[in-house]
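These notes concern the structure reproduced below.
The values are calculated or read from the model by the stated rules, or taken from the named source; none is laboratory data. If you're wondering where the values come from, they're calculated on a predicted model, not measured in any experiment. FYI the Cβ positions are ideal-geometry reconstructions off the backbone, even for glycines, and counts take in every protein chain you see. Protein only, heavy atoms only, side chains kept; ligands, DNA and RNA dropped before computing areas. Shrake-Rupley method; radii C 1.70, N 1.55, O 1.52, S 1.80 Å.
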Amino acid sequence: MDIENRKSKTRTIREWFKRKNRRADAYQRNEVSDDSEDDSLDDDLVRSLEIDPCIFTNELRIFVGTWNVAGRSPVGSLAVDVNEWLNLKDAADMYVLGFQEIVPLKTKNVIGVEDPTEATNWNLLIGKTLNDKYGCPWLTPMLNPISSENYHFAKFPGLGKRASFSGHSGFTGPELSKAQHEGEAHGGSEYKLMASKKMVGVFISVWMKKEFLTKYCISDVKVSSVACGIMGYLGNKGSVSVSMSIEGTSFCFIAAHLASGEKRGDEGRRNHQVSEIFRRTSFPRSSEDDDNPHPITIIGHDRIFWFGDLNYRLYQDNILAKEFIKKQDWKALQEFDQLRKELEDGGVFKGWREGNIEFAPTYKYSSANCNRYTAGQSGRSGEKQRTPAWCDRILWYGKGVRQLSYFRSESKFSDHRPVSALFSIPIEVMKVTNPRKVFPTGTFLPMPSGKLEPIDSKGGARSTLLSLISKESVKGIGSLP
């Protein structure tokens, strides 16, 4: 048994250090070590770590939000609503925001060339809202048009090499200089834009705390989009997704807008679109990827979050539904919820989870009287009459995910109310407590500055490392990362 435990421990150490060594770019790896592409690490390194390694867990707080904004552009006065939605009084380490209908779903927008203007406007507002709280307003650089195989990552100086990414940033020279100048002028931003992707009206925006980028290894940031609207292939409905790895844990975030309709049987179209998104979402490897395997499909990830205007309705007429709403009997009303039935019956979301819904249905509110649902309202020409429903939802899949809150906000900006959830997710990080360590040439180590320095044949970062070890092994090299 001891032999098997030692073998398992050795495998874990090797896999962990493979992930760590990928933080340097290819040029630096080749400069330091000729065999950087070798599958195995130096036996000296592994043996030295086998003496006393341990894996400790840090908690990552992720805020996930979804909002159908009904084709409206963000305005300055909306900052108050966004602030309330993001719940900055209980700030998270990471914000993952999904939007639907950031442009009107008109023919020219559905079949025309993608215009990044509205996505940029929303990113500007989000960035300002997140960073104004810390007295460091930040201007999000203008993004180039986004294609299906590229993502946009706002990469900034001063982060060292703790974060490594696939793809390209999408910045041109002047735009990058402008972004850098803004960051320096305001002392840097608390939150950085990691990835942003738009497909017609569906949009996802991912933000992280700056300190998080220097603390953990973030890698393999990729995006994917699936259009499954008109004729099954137009982008008025579908999804945009972001995939990434944080240390050794892979994450996938799917922002979706599914088929509308409250007639019985319309849920079948939604289920079909969910199946298509599962089948067609892909994060293929590129020439810029490292040697470590990364999930290609949604279900291959460790932790998955699916959110958006999923459009599942109630198997109930308007009169009875409004009676339950008046009584705030959410449990009784959920008995008629289509998505809850899918989750319970093990349909397209088999094995997925959703938190307890303890808030009123989020759709459809009247534009004439923003505090009332359209169902039963009369007098406004052209406004659709819809039975109230929980169209806007957040689901998750994977072990260890703990939901801390699930609520809706009260912005009257559109006919949907924004919804959000706060999660706590464990992140495993390896820590070495034995002070007598041997680190071979070619190993990249995090220094107090936040940068990774190679140990070269002349010692390189070894002197700094040894001074750390001599002071306190647990807080020195033991604090990897």
For Gln316, the lone unmet condition from (1) in a helix (DSSP H, G or I); (2) over 26 Å from Ala255 (Cα atoms); (3) touching a residue at least 60 places away in the same chain (Cβ under 8 Å) is (1)
Which condition does Gly376 not pass, out of (1) at pLDDT below 90; (2) on the phi < 0 side of the Ramachandran plot, if it passes all the others?
(2)
In the set Lys197, Lys222, which member is within 22 Å of Asp115 (Cα to Cα), in contact (Cβ under 8 Å) with a residue 12 or more places away in the chain and open to solvent by 10 Å² or more (accessible area, probe 1.4 Å)?
Lys222
Out of segment 227-269, which residues are of a type in the set (D, E, K, R), modelled with pLDDT of 95 or more and on the phi > 0 side of the Ramachandran plot?
none
Test for Thr57: is it in contact with a strand residue (DSSP E or B) (Cβ under 8 Å, 6 or more places away or on another chain), more than 30 Å from Lys364 (Cα to Cα), assigned to a helix (DSSP H, G or I) and at pLDDT 55 or above:
no
Going through segment 333-363 in order, the residues found to be in a helix (DSSP H, G or I) and either modelled with pLDDT of 95 or more or surrounded by 12 or more Cβ atoms within 10 Å (Cβ to Cβ) (or both) are Leu333, Gln334, Gln338, Leu339, Arg340, Lys341, Glu342, Leu343
Where a residue in segment 119-130 is closer than 16 Å to Gln100 by Cβ and its partner, wherever it lies, is part of a helix (DSSP H, G or I), with Cβ under 9 Å and at least six apart
Ile126/Val82; Ile126/Leu86
Has segment 307-324 got at least one residue that is on the phi > 0 side of the Ramachandran plot and open to solvent by less than 40 Å² (accessible area, probe 1.4 Å)?
yes
Take the residues in segment 252-269 that are assigned to a loop (DSSP other than H, G, I, E, B) and not small (Gly, Ala, Ser), then tell me which one is most open to solvent (accessible area, probe 1.4 Å).
Arg264
Is it true that Ile296 is in contact with a Pro (Cβ under 7 Å, 6 or more places away or on another chain), open to solvent by 20 Å² or more (accessible area, probe 1.4 Å) and more than 20 Å from Gly98 (Cα to Cα)?
yes
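Residues are listed down the side, and each one gets a yes or a no for (1) crowded, with 16+ Cβ neighbours inside 10 Å; (2) modelled with pLDDT of 95 or more:
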position: Asn271; (1), (2): yes, yes
position: Ser287; (1), (2): no, no
position: Asp290; (1), (2): yes, no
position: Arg303; (1), (2): yes, yes
Search segment 79-115 for residues being without any contact (Cβ under 8 Å) to a residue 12 or more places away in the chain and either of a type in the set (Ser, Thr, Tyr) or not in a helix (DSSP H, G or I) (or both), and hand back the single one that is least open to solvent (accessible area, probe 1.4 Å).
Gly112
Can you confirm whether Pro388 is under 31 Å from the mean Cα position of the chain (by Cα) and modelled with pLDDT under 95?
yes
Ile246, sole failed condition from (1) open to solvent by 20 Å² or more (accessible area, probe 1.4 Å); (2) over 19 Å from Trp67 (Cβ atoms)
(1)
